[in-house]
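The structure appears right after this line, and notes come after that.
The values are calculated or read from the model by the stated rules, or taken from the named source; none is laboratory data. Model, not experiment: these values are computed from the prediction. Here the Cβ is made from the backbone with ideal geometry for all residues, glycine too, and neighbour counts use every protein chain on show.
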């Protein structure tokens, strides 16, 4: 059951967004998020939404996959909207018992909802179109300049990719250990907090022992295959920019300039502001 | 020159109790001297705890001898300067298929070794392709290792070693965690390495039937080599093998049983075909008389 | 009174694109006291089937009756079922966790809510039954050999006093001698206690001489269900699905095909040798 959780939920298909260099996608996502926080009027959000719609379309990932990602944070979204809606002081429109909804509250809540939704869909476009492996590669290369501060960039990236490989294996193992202990009458579900924490011991001990054994085996296997850190290593799949990547950077710059100018210009401010 | 040579190889480790006090010394490998020629297929048999895996780890310089010397392709394994050369010359495949695959995609895992030794990108791709083809896993190059069967995972591990262009491959119980189909797949791939690619193979196992195609078989017990010879010679000594906690293929056992009851069968019969042929031969001779 | 499976289906990940029909319309009856070998290779559904017997997995459709009671009834006591149908998983490493062997075996009976005295009596009895030497009782289970760990894992379930014992590949990873020792111990346990035992394995040769009945699983269905002798008679069909009958079956059949008059039903080397000697 647990093994089907795909981390980073990559959606495998062929598209021009999938083929982009992970650095473009990482940088692009960051810029997009920054742009969302710069807007002062609705036109900016409209442009951002249109741009995102275009990217989603190009990525060939069905829109419902994006919405699926939204479900998990729906709760958070509702709280934010609720707080803004009821707790913003200003011109009262409706009064419910002690709470009142103000004009400013509605505007702020709507802005927050739009901003958060775009932010989440925007970043899930990145995770849906980039394999976790590619993502770590991209991060490793983008963070390479930090090496001069003696940060072990390669090692951290290697650790992340190994973790990604072993998470499904360890999840499956957790499932099996749980079953083995349930078969011996273990109860993971009832009792108070203390009792439940205690019930985890028969699960955690075998899991830790197994994880350590795996780590030990893996280290030996890596050494046997001549692994000795990032020094002198070549890459099977080196990251190289292609024309499409430069083009994408161009599009990004254009979007940033255009949307931020539009989004901050009071000329476009809609009647209600 | 010998591909592998060990001279009076001994490996000891100190056992400690929970407080770190010395409890005693265990000799895992005890005074073992053996030679392996280039291109040979040798098998090392032994029950769990007989020292066979400890011996294997010396060939890849994962362990260094307490006493004695190990040479791989003429290089002394205890010399630090030879370390990476030796690991490239003698590749190693381990028991647990999950704990030795590093990549998240089959082809990336096979490329891991060549990346480590600084092979240029274009050649890595060539090596990955030829290695995956050699073990019959090329069609699976884009798969996640988690979606493969045990036998397939072990073949990927073999390809990963092959891509480093070793002269010798040591396989440390590669089939112990597999089902019969997976075991057959892996053994077939190993035999192809030896027959086609002419790579020296050291296969460590406790399944007798996997060793019948080896050039020579060593049986280990308590860190020492207890028996040595061609598979036929070793398998003919059924009683001695049983003493060493091993068993022989059922055919060999049946032939042995029939011998004890007075049939004139040759020693160390290994396959069903051999036995039926021999039995038919004896019957035909009887009729002539 | 036996276990009864009535048209059991299990669909993994139902309603998703990854749905897989793992068990297909299984109907079975396991009478009390029988020793059953369950054979099939990885992915045949044998382990999934075993997890239905004690309710760890719930059938997508169909019914399972234990001693005449439907285990899917709303008020059925699952915890009690799990103590009556003991399941030992393949890797002992997945269940051993206590600081010493004896406490580990106490885990099961303690979960049943038994008092200290009864718990320890049962643990002691279970450890004796699996043939573990007394001097190992207070050792860490992690320092034991593969075969010893396996015994402790079995004792851990036996201590719950189950009526049915299911062993999922108890010999995986053991050397030949270790394998024979475990199988003999299980057989002894079965004759002494009269328990029902289901032993999952992927080797016919290993279990042939111990079991009363063999259940061959293939792609989620029961392919053969009969005595070892009758199952091996289908050695050609077994071959087709990638399972092998014992080598002696092949030899005797080969001889018979060569026109010799031999009975091909032998399953051990001794029986086969007796049969062949009749020719001379």
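Here are a few things to note about the model shown:
- Residue C:59 meets each of the listed conditions (1) within 14 Å of chain B (Cβ to nearest Cβ); (2) touching a strand residue (DSSP E or B) at 6+ places or on another chain (Cβ under 6 Å); (3) part of a loop (DSSP other than H, G, I, E, B) apart from (1).
- Among residues that are within 9 Å of chain A (Cβ to nearest Cβ) and free of Cβ contacts under 8 Å to residues at least 60 places away in the same chain, residue C:97 is included.
- Residue match in the stretch A:232-241 (condition: more than 14 Å from chain B (Cβ to nearest Cβ), surrounded by 11 or more Cβ atoms within 10 Å (Cβ to Cβ) and touching a residue at least 60 places away in the same chain (Cβ under 8 Å)): yes
- Cβ-Cβ distances below 6 Å connect the following pairs, each with a first residue in the stretch A:171-198 that is within 7 Å of another protein chain (Cβ to nearest Cβ) and on the phi > 0 side of the Ramachandran plot, a second residue that is modelled with pLDDT of 90 or more and in a loop (DSSP other than H, G, I, E, B), and a separation of six or more residues or different chains: A:185/C:112.
- Lone unmet requirement of (1) closer than 25 Å to residue B:174 by Cβ; (2) within 13 Å of chain C (Cβ to nearest Cβ); (3) touching a strand residue (DSSP E or B) at 6+ places or on another chain (Cβ under 9 Å) for residue A:220: (2)
- The selection criterion, being under 14 Å from the mean Cα position of the chain (by Cα) and at pLDDT 90 or above, does not hold for residue C:152.
Yes or no, residue by residue, for (1) buried (at least 19 other Cβ atoms within 10 Å of the Cβ); (2) within 17 Å of the chain's Cα centre (by Cα); (3) more than 20 Å from residue B:50 (Cα to Cα):
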| site | (1), (2), (3) |
| --- | --- |
| B:174 | yes, yes, no |
| B:190 | yes, yes, yes |
| B:198 | no, yes, yes |
| B:220 | yes, yes, no |
| B:243 | no, no, no |
| B:255 | yes, no, yes |
| B:270 | yes, no, yes |
| B:283 | no, no, yes |
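- Pair list, Cβ under 8 Å, 6 or more apart: the stretch B:265-282 residue on the phi > 0 side of the Ramachandran plot, other residue surrounded by 17 or more Cβ atoms within 10 Å (Cβ to Cβ): B:268/B:231; B:268/B:234; B:268/B:235; B:268/B:236; B:268/B:252
- Considered as a group, the residues in the stretch C:111-124 that are surrounded by fewer than 20 Cβ atoms within 10 Å (Cβ to Cβ) and within 12 Å of chain A (Cβ to nearest Cβ) include one that is nearest to residue C:151 (Cα to Cα), and that residue is C:112.
- Among the residues making up the stretch B:132-141, those that are under 24 Å from residue A:131 (Cα atoms) and either touching a helix residue (DSSP H, G or I) at 6+ places or on another chain (Cβ under 7 Å) or surrounded by 18 or more Cβ atoms within 10 Å (Cβ to Cβ) (or both) are B:132, B:137, B:138, B:140, B:141.
- Residue A:103 being touching a helix residue (DSSP H, G or I) at 6+ places or on another chain (Cβ under 8 Å) and either surrounded by fewer than 16 Cβ atoms within 10 Å (Cβ to Cβ) or on the phi < 0 side of the Ramachandran plot (or both): no
- Meets criteria (more than 14 Å from chain B (Cβ to nearest Cβ), touching a helix residue (DSSP H, G or I) at 6+ places or on another chain (Cβ under 6 Å), surrounded by 17 or more Cβ atoms within 10 Å (Cβ to Cβ) and closer than 19 Å to residue C:226 by Cβ) for residue C:37: yes
- With a requirement of 1 or more residues that are touching a strand residue (DSSP E or B) at 6+ places or on another chain (Cβ under 8 Å), the helices (runs of 4 or more DSSP H) lying completely within the stretch A:25-127 that satisfy it span A:74-87.
- Considering residues of the stretch A:203-217 that are in contact (Cβ under 8 Å) with a residue 24 or more places away in the chain and within 26 Å of residue C:161 (Cα to Cα) only, the residue farthest from the other protein chains (Cβ to nearest Cβ): A:203
- Residue in the stretch C:33-50 that is more than 29 Å from residue C:240 (Cβ to Cβ) and within 20 Å of the chain's Cα centre (by Cα) present: yes
- One residue stands out in the stretch B:214-236 among those that are assigned to a loop (DSSP other than H, G, I, E, B) and modelled with pLDDT of 90 or more: the one that is nearest to residue C:176 (Cα to Cα), namely B:222.
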